[in-house]
Amino acid sequence: MSTVRAIYEQLARPWTHDELAHRFDEARHHAEQLSQSERDDVVQTPIAALASALPPLAALNVAIHVIHALPDPGDPALLDHLLLNAEENAAVALRRMHRALELDGMSHDYTADEWLPAIYDVAAGLLESVGLDREPPSLVEEANAAVRWLSQAIVELDQDAADATAAIIDGLGCVFSLEVFAAVGFSAGSDS
């Protein structure tokens, strides 16, 4: 049986770029399989792509908050359901935010994949330093931060600010760390 504390213990370690690249590819593949992601490629502006990430990001934020509000150990079926919900919504938000990075790159002469190491660095730092005994727990804080980064990126893209790409990267790193949390937790729960 997986518990939130056990998931945090699995996450609080150094993460390599290879591990994170594999997990990122799995998350993107998972998002492609979800029916709600089929329309993602028709979005043609970075702001629209980020705006389309808001609903799954809001659902992810709620799932993360509820997961942390559950008694530990609690109902394992409910925890697995919430972790699966978080994993799916994180994957969709991740895909849509990555699409925004691709679209921004087209107009600013870079590729989204150039920024993957930076996304992995953000996520690795967040994962390695996770702590459940903080107030709020670190991943609850990261769920809130992801919403702030996404909102900031939308504003900066609208103003064609130089820091828009950095805001997208930081938001992607936050969302990716939450996706890793949910995926690790769900796979641990379904293995037992």
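Of note:
- Listed by first and then second residue, the pairs linking a residue in segment 67-95 that is without any contact (Cβ under 8 Å) to a residue 24 or more places away in the chain to a residue that is surrounded by fewer than 16 Cβ atoms within 10 Å (Cβ to Cβ), with Cβ atoms under 6 Å apart and 6 or more places separating them unless they lie on different chains, are Leu82/Val66.
- Residue match in segment 118-126 (condition: surrounded by 15 or more Cβ atoms within 10 Å (Cβ to Cβ) and more than 23 Å from Glu9 (Cβ to Cβ)): yes
- Screening segment 142-172 for residues that are among the charged types (D, E, K, R) and not in a helix (DSSP H, G or I) and picking the one that is nearest to Ala58 (Cα to Cα) gives Asp163.
- Glu141 being among the acidic types (Asp, Glu) and loosely packed, with under 14 Cβ neighbours inside 10 Å: no
Okay, residues lined up against (1) in contact with an Asp or Glu (Cβ under 9 Å, 6 or more places away or on another chain); (2) surrounded by 14 or more Cβ atoms within 10 Å (Cβ to Cβ); (3) modelled with pLDDT of 95 or more; (4) among the hydrophobic types (A, V, I, L, M, F, W, C):
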{"site": "Pro71", "(1), (2), (3), (4)": "no, no, no, no"}
{"site": "Ala77", "(1), (2), (3), (4)": "no, no, no, yes"}
{"site": "Asp80", "(1), (2), (3), (4)": "no, yes, no, no"}
{"site": "Gly105", "(1), (2), (3), (4)": "yes, yes, no, no"}
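- Residues being within 12 Å of the chain's Cα centre (by Cα) and either among the hydroxyl-bearing types (Ser, Thr, Tyr) or over 20 Å from Arg13 (Cα atoms) (or both) - total across segment 128-150: 6
- Matching option when the condition is modelled with pLDDT under 95, out of contact with any strand residue (DSSP E or B) (no Cβ under 7 Å at 6 or more places or on another chain) and among the small types (Gly, Ala, Ser), among Ala123, Ala118, Ala112: Ala112
- Scanning segment 57-66 for residues that are surrounded by fewer than 24 Cβ atoms within 10 Å (Cβ to Cβ) and touching a residue at least 24 places away in the same chain (Cβ under 8 Å) yields Ala58, Ala59, Asn61, Ala63, His65.
- Scanning segment 80-115 for residues that are part of a helix (DSSP H, G or I) and β-branched (Val, Ile, Thr) yields a single hit, Val92.
- Pro136 being surrounded by fewer than 18 Cβ atoms within 10 Å (Cβ to Cβ), in a helix (DSSP H, G or I) and in contact (Cβ under 8 Å) with a residue 60 or more places away in the chain: no
- Looking only at segment 18-35, residues that are surrounded by fewer than 14 Cβ atoms within 10 Å (Cβ to Cβ) and of a type outside the set (D, E, K, R) come to 4 in all.
- Pairing residues of segment 1-16 that are over 12 Å from Leu79 (Cβ atoms) with residues that are modelled with pLDDT of 90 or more and surrounded by 14 or more Cβ atoms within 10 Å (Cβ to Cβ), at Cβ distances under 6 Å and at least 6 apart in sequence or on separate chains, gives Tyr8/Val130; Gln10/Val184; Leu11/Leu127; Leu11/Val130; Ala12/Val130; Trp15/Ala124; Trp15/Leu127.
- Residue-level check: of (1) within 29 Å of Ser129 (Cα to Cα); (2) at pLDDT 90 or above, Pro46 misses just (1).
The values are calculated or read from the model by the stated rules, or taken from the named source; none is laboratory data. Being a predicted model, the structure only gives us computed values, none of them experimental. A quick note on method: Cβ atoms are made from the backbone with ideal geometry, for glycine too, and the neighbour counts reach across all protein chains shown.
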